[in-house]
Structures are given as C-alpha cells and as structure tokens.
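Notes to accompany the following structure.
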Amino acid sequence: MLNKVPLSIYIHLPWCIHKCPYCDFNSHEVNQVHFNDEKKHYVNALIKQIKSSNDDRPIKSVFFGGGTPSLFNPHYIQEIIDVLKSQFNFETNCEINLEANPGTIDYKHFEGFAKAGVNRVSLGIQSFNDDHLKRLERIHDGQTAYQVAQDAAKIFNRVNLDLMFGLPHQTHKELMNDLERALSLKTQHLSYYNLTIEPNTLFYKYPPKLPEDDLIFEFQSSIHQILKGDGFYHYETSAYAKTDEQCLHNLNYWQFGDYLGFGAGAHGKLTKNNMVFRYSCYKNPKQYMNESEKNNFFIEEKKLSRNDLIFEFMMNALRLNDGFKKKLFFDRTNIELKEIEDELDIAQDKGHIEVTNDMIKPTLQGQNYLNDLLQIFLKDH
C-alpha cells in the first residue's frame, strides 16, 4: 500500500518575447497585437482547468514556469493563486515559485508578484557576458540581468539564478567572471546548466561550436570548487544551494512525488489506488484554450508500467547527490527493492552507486556518468 505521496502544482505560461535557439520547452513567441486578449483567454482556461481538479492532499509547492511567466501582469498571477487556494489546501510554508526573464521585469513587477503570493523567484540570467547573451539571443544584457537580480533580492528572501556554461566560444576566464558576478549578488540558490544541443531547436539545425569535452570538465570542476568554497552545497545534478535553501518544488520531482499540471503542454503525475498515472495537456496554447471550452484539457493519460516506474524513479532520484532512502522506492512505486537487486548489484559493481543499510546514492563516478547509470534500469516493456 503506497503511503500518501506529497503533492505540488505546476502552472505553464507558454509565451515569451523571443524563442531562444537552444530552448526545447513548450514556448511560443508573443504576437503583440493579440497578446492582451490571449492572456485573458488563457487565464480563464487555466482557471477552468483548476476548478475541474480536486485533491485533498496539502499542496507543498507551486511553480509558474514557461515560456516567460513574468510576461503576465501580477494581477493575473494573483487571480490564479487565489483560485488555487480556494480549490486546494496549501501547506503553511508552501513555496510559490515564479520564473522571470530579466528583460521583462522590474522592481515594481517584483513588488506585485510578492503581493500576489509569490515567495521565490527564479531568474533566467544564463550569463552576465554581453557577447554570450547575444549568441544565445537573450533579450537582456549583462547589466540589466545584474540590476534585476539586485531588485529581486530586495523583495524576496529566496532567489535562484539560472546560469549556463559550455557556451559557444566561452573561455575559462569568462566563466570565472560569470561566477564572480553571480556570487556577489549573495543569492541562496544557483542552477548551473551545461548547454546541450536538443532536437527541434535552432541550435540543432545550425550547431554552434561548443568547447571541447576537456574544457567542459574543467568548467564543471571550477564551478563546483568555487561554489563549495562560498558555502553552496551541490545537492542535485545542476543545482547548488545554501543550507536549507533547496528548491522544494524540484525536490518533490526528484523524490518522485506527485504534481498537478495546469496549462498548455503541462504534465502531471498522480498516484491513485497504488497505481501511478501520467497525463499531459494540449500543447498548443490556442488548441488548449479551444478545448477548454469543452472541458477537455488532456491529450494523453496513461498508467505507468512496472518498468516505467522503476526507470522514472531512478531517473529522478539518482539526480540527487545524496541519493534516497531505500524505503522511498517502495513508498513511491509499490515495488519491493529486492525486485531490482540484480540491477543494483550491476550499478554497484560498476562503481556507479553506493549502497548502505538504508540509503542508495550515486558515487562521484555515477554523477559524472549519470546516463550510463540510468541505462542499467532501462528495460523493454
């Protein structure tokens, strides 16, 4: 019997000013002529979907992702949060996150979002270097990014900076400059991503020249050492936090918790009657809004198979550098750990994981070769 699985909420706001060439998320460039009407229609569709959902579990976190959620005025975010609170029970210290693009926000907007109930913001900085920002086709420059981060810190106690490394033509000195600028802002959380070229992106069609693997490894080592020296703990593949400042929403994903997904292209995961289900909403915003008129939001719903559960649990939990308690595997999958003893033995023999009396955690080798580790748990249906 599965224990009560923690529950979070994800809200997708799919528009942005400009689609970045590396982005494979469900994001769509704004049509300035129609955007005000689209926002109203979209928020109405979101509210309709939220009101059609119910769950008596307390909500531990809410995340507004995109796209660029900061394109929506604070009164829309307030409206959505108010409806969520009327429909669900929020934990006392519920984390409410909002992603923001530095080119779309200012101090007044931060004040409005805080008043609406947002208590954590994640800023898509990517770099403070103007040349790199131009190559990434970001709509802000380095000085704007720095000023916006300073403004955010005046309003919010919890601020995350999204940064990237392994950028086209990036040098080690430029990486160090980005790190120095980021640390001077005194935020509590950094997400540091290695630029990867994903299918269905402009960079995939026209690949830029990226640094060699040896330099990437040097970048990673420098990031880890400098952040560790500044009091950050590397708790997840791409995430660094000060003490007790981990992103609770993402922790729920990585610990294979449940989440409700609202909005175009949003995904959800729900545990019911000892079974786990995934669903996804209509991806195109216009189609999502049109289908909402018929109370039809989902393009796909499926029950996860035993093999799906094993792989998806490991794909999430092994991103955590401290690993997971053995008990959690059964609590989230309803599968006894002994049923995957062979796979665990293989992973341990390869030096990818460390197994103790009550914990399973990736070794440093397992962290560096996470895809190889996960392949051990990938089985045919």
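Read-outs throughout are calculated quantities, based only on the coordinates presented, and are distinct from any laboratory measurement. Worth saying up front: this structure is predicted, and the values here are computed from it rather than measured. Cβ sites come from the backbone with ideal geometry, for glycine too, and all protein chains shown count toward neighbours.
Can you run phi through the Karplus equation (6.51, -1.76, 1.60; θ = phi - 60°) for the stretch 130-146 and list ³J(HN,Hα) in whole Hz, with x for Gly and Pro?
For the stretch 130-146, the Karplus-derived couplings read 4, 4, 5, 5, 5, 5, 7, 6, 6, 8, 10, 10, x, 5, 4, 4, 5 Hz, x marking Gly and Pro.
Report the label-to-label distance for ASP82 and GLU293 in nanometres (one decimal), using points 7 Å from each Cα along the Cα→Cβ vector.
Distance between label points: 2.6 nm.
Could you pull out which residues in the stretch 277-292 have an amide N less than 20 Å from a spot 7 Å beyond the Cα of LYS40, following the Cα-Cβ vector?
Under 20 Å, as judged by backbone N against the label point of LYS40, lie 285-292 of the stretch 277-292.
What order do you get for CYS23, CYS94, CYS281 when you list them from fewest to most C-beta neighbours inside 10 Å?
With the fewest neighbours first, CYS23, CYS94, CYS281 line up as CYS23, CYS94, CYS281.
Pull up all non-local amide H partners of TYR193: gap of 5 or more, or a different chain, and H-to-H distance under 5 Å with H placed in the peptide plane.
Long-range HN contacts for TYR193: LEU163, MET164, PHE165.
Ranked by Cβ crowding within 10 angstrom, fewest neighbours first, how are TYR235, TYR259 ordered?
Least crowded to most crowded, the residues run TYR235, TYR259.
Give, as a single signed number, the net charge of other residues whose beta carbon lies under 11 Å from the beta carbon of ALA182, with Lys and Arg counted +1 and Asp and Glu -1.
Net charge around ALA182: -2.
Please give me the summed charge of the neighbours of LYS242: other residues whose Cβ is under 11 Å from its Cβ, Lys and Arg +1, Asp and Glu -1.
-1
Among (i) 31, 29, 20; (ii) 56, 19, 19; (iii) 40, 21, 19, which is the computed semi-axes √(5λ) of the Cα gyration tensor in Å?
(i)
How far apart, in nm, are the 7 Å Cα→Cβ label points at MET275 and GLU336?
Going by the 7 Å Cα→Cβ label model, 2.3 nm.
Which value in nm describes the separation of the simple spin-label points at LYS325 and LYS283, placed 7 Å from the Cα toward the beta carbon?
The modelled label-to-label distance comes out at 3.8 nm.
What list do you get for PHE330, PHE113, PHE165 if you sort them by fewest beta carbons within 10 Å?
With the sparsest Cβ surroundings first, the list reads PHE330, PHE165, PHE113.
When the helices in the chain are scored as -39500 (n - 2.57) per DSSP H run of 4 or longer and the sum is shared across all residues, what 222 nm value do you end up with, to the nearest 500 deg cm²/dmol?
Per the formula, -11500 deg cm²/dmol.
Just flag the trypsin sites (Lys or Arg not before Pro) in the stretch 293-380 sitting in loop per DSSP whose Cβ has no more than 16 other Cβ atoms within 10 Å.
Listed in order of number, the matching sites are LYS294, LYS350, LYS379.
Please turn the phi angles of the stretch 82-90 into ³J(HN,Hα) values with the Karplus equation 6.51 cos²θ - 1.76 cosθ + 1.60 (θ = phi - 60°), one per residue in order, whole Hz, x for glycine and proline.
These are the phi-based 3J(HN,Hα) values: 4, 5, 4, 5, 6, 9, 10, 8, 8 Hz.
Report the extension gain between ASP345 and THR243 in nm, rounded to one decimal, defined as 0.36 nm multiplied by the number of residues separating them, less their alpha carbon distance.
Contour length minus Cα-Cα distance gives 33.4 nm.
If you average the sequence gap of Cα pairs under 8 Å that are 6 or more apart and divide by the length of the stretch 322-381, what percent do you get for the contact order?
32
Please work out the Cα center distance from the stretch 242-311 to the stretch 14-90, rounded to the nearest Å.
15
Students often forget the sequence filter, so: which lysines lie under 17 Å Cα-Cα from LYS209 once same-chain residues fewer than 8 apart are removed?
LYS134
Report, by chain and number, residues whose modeled amide H sits under 5 Å from the one on GLY66, excluding near sequence neighbours (fewer than 5 apart, same chain).
LEU13
Would you mind telling me the antiparallel percentage of the DSSP bridges in the stretch 7-252, rounded to 5?
Around 20 percent antiparallel, to the nearest 5.
Whose amide H sits under 5 Å from the amide H of GLY261, counting only residues 5 or more places off or on another chain, with H placed in the peptide plane?
The answer is TYR10, GLY268, LYS269.
Using θ = phi - 60° and the Karplus relation 6.51 cos²θ - 1.76 cosθ + 1.60, list the HN-Hα couplings for the stretch 192-201 in order, rounded to whole Hz, with x at every Gly or Pro.
Once θ is set to phi - 60°, the couplings for the stretch 192-201 become 10, 9, 7, 4, 10, 8, 9, x, 6, 10 Hz.
In the stretch 322-381, how many lysine pairs have Cα atoms under 12 Å apart, counting only pairs 8 or more places apart or on different chains?
Summing the qualifying lysine pairs gives 4.
In debye to the nearest 20, how big a dipole does the stretch 7-252 give about its Cα centre with +1 on each Lys and Arg Cβ and -1 on each Asp and Glu Cβ?
Its charge dipole is roughly 560 debye.
Between the stretch 94-120 and the stretch 153-187, what is the separation of their alpha carbon centroids in Å?
One Cα centre to the other: 19 Å.
Which lysines, if any, have their Cα less than 22 Å from the Cα of LYS108, not counting same-chain residues under 8 positions apart?
Reachable lysines: LYS39, LYS40, LYS154, LYS186.
Summing Lys, Arg as +1 and Asp, Glu as -1, what charge do residues with Cβ under 14 Å from the Cβ of GLU218 carry, GLU218 excluded?
Residues near GLU218 contribute -3 overall.
Tell me, what is the percent relative contact order of the chain, built from C-alpha pairs under 8 Å that lie six or more residues apart?
Reported as a whole number, the value is 17 percent.
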